[in-house]
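Below: one structure in structure tokens.
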Amino acid sequence: MNKIWRSVVGKLWATILLLVSFIVFVFTVLMLEFLEEYHTEQAESSLRQTATTIAKLIDDNEDPARTLTIVQDILPQHTNALIATDKMNIAFAVQEGINEEHIQADILTSNKFDDVYVTNQPIVREMMLPSNIEEDRIEKYVVLGFPIDAEAAEHGAIFIYESPAALREATTQTTRIVFISAIIAFVLTTFFAFFLSSRITLPLRRMREAAFEVAKGKFDTKVEYKGNDEIGQLATAFNKMARQVHHHLEVSNQEKEQLSSILTSMTDAVITFNRDETILVTNPLAEKQLQEWYAQKAYDESTKHLPPELYHMLDHVLHFEDHLSERVEIGGRYLIISLSPLYSGNTVRGALVVIRDKTEQHRLDKLRADFVSNVSHELRTPIAMLQGYSEAIIDGVVQSEEEKDEMIRIIYDESQRMNRLVSDLLTLARTESGKMRLYKDFLPVASTFERMTYKFSQIAREKQVTLRFVSEYTDDYFIEMDEDRIEQVLTNLIDNALRYTPQDGTVQVSVWRQVGTARIEVRDTGQGIPKEDLPFVFERFYKADKARTRGKGGTGLGLAIAKNIVEAHNGTIKVDSIQNVGTTFTFELPIEH
């Protein structure tokens, strides 16, 4: 019920019903008033006609009994008559019902009709008299006093009065008709109100349902209305609005997806902050960066889980509305952080932070600088020796042929050293750039590595170092590899082992069977490598003891080249060493059974 009263139909129906009820009420009151006056006038006119007729009968007939009979016949229903010769005497009376004497006495004794006995003008008055139907009830009567023998100075009078029953019956009938009319009007009003409101509210309800469907995302919903009135125009506007909303939402989604794709594909970390320094939007790189900071605990509670450097920069941008770009180091990473304020109108609503990781570039720049420095350092000595000895020969400083031959030998050795350095640099450049080609072939495991090992037998005997080879494989097992490149690796490892192993020491090359790989070990009993130098032995130009190894003739590139060749074969290489005990280089290559 409450739903009906809250609806437009209920409100419109109630408004029309109240309006019609008010009109019917006013009409009923006015109609009853009009009918009462009309009935009174009609009753007065009827009473005058009746009184005139009775007066003429009395003048024409001298027989009272006959006159009484005629009067009773001509009196209308509910009409009573009283013929008085004077104010105190009644000739005869005709009345229905009870209280006859009281009514007649009240009429005769009333001073309202004193003039009717001395004038020829009838008098009409309304009097409150006892009811002729019920005891102890007073009702309003219309009484007409009509003179008889008006030519005489004093004469009698006819009093005709109508019973209230006639008026009450007419009023009741009129009231019944009015109430029936009101009920009919109520029913017709209700029907008309519901019909009218339905014609108006049905399209509105459809629009409401369509609006709910549009709110759920069903933008193809349409309101069907064939009229060309205001509601039809509203339906057309609603359908157009739904299409426009759908279009703008699609454009917004496309822009959002485009922005998301741009943020996702960016190589920089992007973070947007709110005014209260809370994070709004991040891209995957930013999420990764935040997780790294969280794992490293590079923040404290006072900086809202941000590194202090970034927090202070963000606070500066939000308060001073300034653009800021700084190069900082956070958690061992070198970052360029750029911050810009975000505006909403003329006020700052947040900040955009772009973080570019320059750690790799910093490392490459350092490697490049170290490479140039190392190459310059490695070339300086042979070039100086070449220049010095060649100038000595040109200037004739050398006195004997033996000294001259010695200087020429030194010049030749240093040129060979420069040649090896340049060759190693070219090889390393090719391996690191991925342009090195591998010419793989299936080779027997045992005999191949045994041949590579015993190429150094003569050198080992000269150095008085024991060289051994051990293998768990037979020639029934084959391995796919580039023989020349792997021989380059093994040659470098054995050469280093022999170079740094003292007399009576041992160098052993072992080939062990592993699941899916062949493990090759080069173990020596040399002086070993300091523990702090182990992580760097495979870097370019790195030497554990540069002062001691300079005379060994190495370029510092052999192990770097060996690492790249092994990794080009999808293998791995590592080193273990204990000072004054020995060193073991191990590399593994994939093998198919």
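The values are calculated or read from the model by the stated rules, or taken from the named source; none is laboratory data. This is a predicted model, so every value here is computed, not measured. Here the Cβ positions follow ideal geometry from the backbone for every residue, glycine too, while neighbour counts run over all protein chains shown. These accessible areas exclude ligands, DNA and RNA; they are computed on the full protein's heavy atoms, side chains included. Shrake-Rupley method; radii C 1.70, N 1.55, O 1.52, S 1.80 Å.
Identify which of the listed values of Rg/Rh (Cα atoms, Kirkwood Rh) was calculated from the structure shown: [x] 1.67; [y] 1.00; [z] 1.04.
Label [x] holds the value from this structure.
Once you have a ≥ b ≥ c as the square roots of the Cα gyration tensor eigenvalues for segment 217-261, tell me rounded if a/c is under 1.5, and otherwise prolate or oblate according to whether a/b is larger than b/c.
The shape class here is prolate.
Something else: For Ala215 and Val328, compute 0.36 nm times the residue count separating them, minus their Cα-Cα distance, and round to one decimal in nm.
Length gained, Ala215 through Val328: 35.8 nm.
At a Förster radius of 41 Å, what calculated FRET efficiency corresponds to the Cβ-Cβ distance of Glu44 and Val187, to the nearest 0.05?
It comes to 0.60.
Here is a further query. In nanometres, what is the gap between the two model label sites at Arg208 and Leu352, each 7 Å from Cα along Cα-to-Cβ?
4.5
What part of the accessible area of the chain, given as a whole %, is carbon or sulfur when the probe is 1.4 angstrom?
54
Taking each full run of DSSP H in the chain as one helix, which ones are at least 20 Å long along their axis (Cα atoms) and have mean Kyte-Doolittle hydropathy of at least -1.0?
Going by DSSP H runs, the hits are 8-60, 164-215, 230-265, 359-394, 401-433, 483-500.
In what sequence, largest accessible area first, do Asp106, Asp524 appear using a 1.4 Å probe?
Asp106, Asp524
Heavy atoms only, probe 1.4 angstrom, no DNA, RNA or ligands counted: give me Ile23, Ile279, Ile70 ranked by accessible area, highest first.
Most to least solvent-accessible, the answer reads Ile23, Ile279, Ile70.
Let me ask something additional. Once segment 441-590 is represented by equal point scatterers at the alpha-carbon sites, with solvent omitted, what log10 I(q)/I(0) does the Debye formula produce at q = 0.13, 0.16 Å⁻¹?
Normalising to I(0) and taking log10 leaves -0.56, -0.86.
Using the Kirkwood radius built from alpha carbon pairs, what does the Stokes-Einstein equation give as D for segment 417-516 at 20 °C and 1.002 mPa s, in µm² per second?
The calculation lands on 140 µm²/s.
Further, regarding this structure: I need the phi-derived Karplus couplings for segment 574-579: 6.51 cos²θ - 1.76 cosθ + 1.60, θ = phi - 60°, integer Hz, Gly and Pro marked x.
The phi angles translate into 8, 9, 10, 8, 10, 4 Hz.
Quote the FRET efficiency, to the nearest 0.05, computed for Thr15 versus Leu342 with a Förster distance R0 of 41 Å and r equal to the Cβ-Cβ distance.
It comes out at approximately 0.20.
Still on this model: Check which residues have an amide H placed less than 5 Å from Leu342's amide H, if you skip close sequence neighbours.
Amide H neighbours of Leu342, under 5 Å, 5+ apart: Arg349, Gly350, Ala351, Leu352.
Distance from a point 7 Å along Cα→Cβ of Gln77 to each backbone N in segment 126-140: keep the residues under 20 Å and list them by number.
From segment 126-140, the list is 132-134.
Taking amide H positions as placed 1.01 Å from N in the peptide plane, with prolines and chain starts having none, which residues 5 or more places from Leu280, or on another chain, fall under 5 Å of its amide H?
Placed amide hydrogens put Thr272, Phe273, Asn274 under 5 Å from Leu280.
Residue separation times 0.36 nm, minus the C-alpha to C-alpha distance between Glu391 and Glu292: what's the value?
29.6 nm
Rg/Rh for segment 1-216 to two decimals, with Rh computed the Kirkwood way over all alpha-carbon pairs.
Dividing the radius of gyration by the Kirkwood radius yields 1.34.
Would you calculate the separation in nanometres between label points at Arg513 and Tyr454, each defined as 7 Å from the Cα along the Cα-to-beta-carbon direction?
2.3
Same structure, new question: Report the convex hull volume per residue for segment 263-356, counting only C-alpha atoms, in Å³.
Convex hull of Cα atoms, per residue: 88 Å³.
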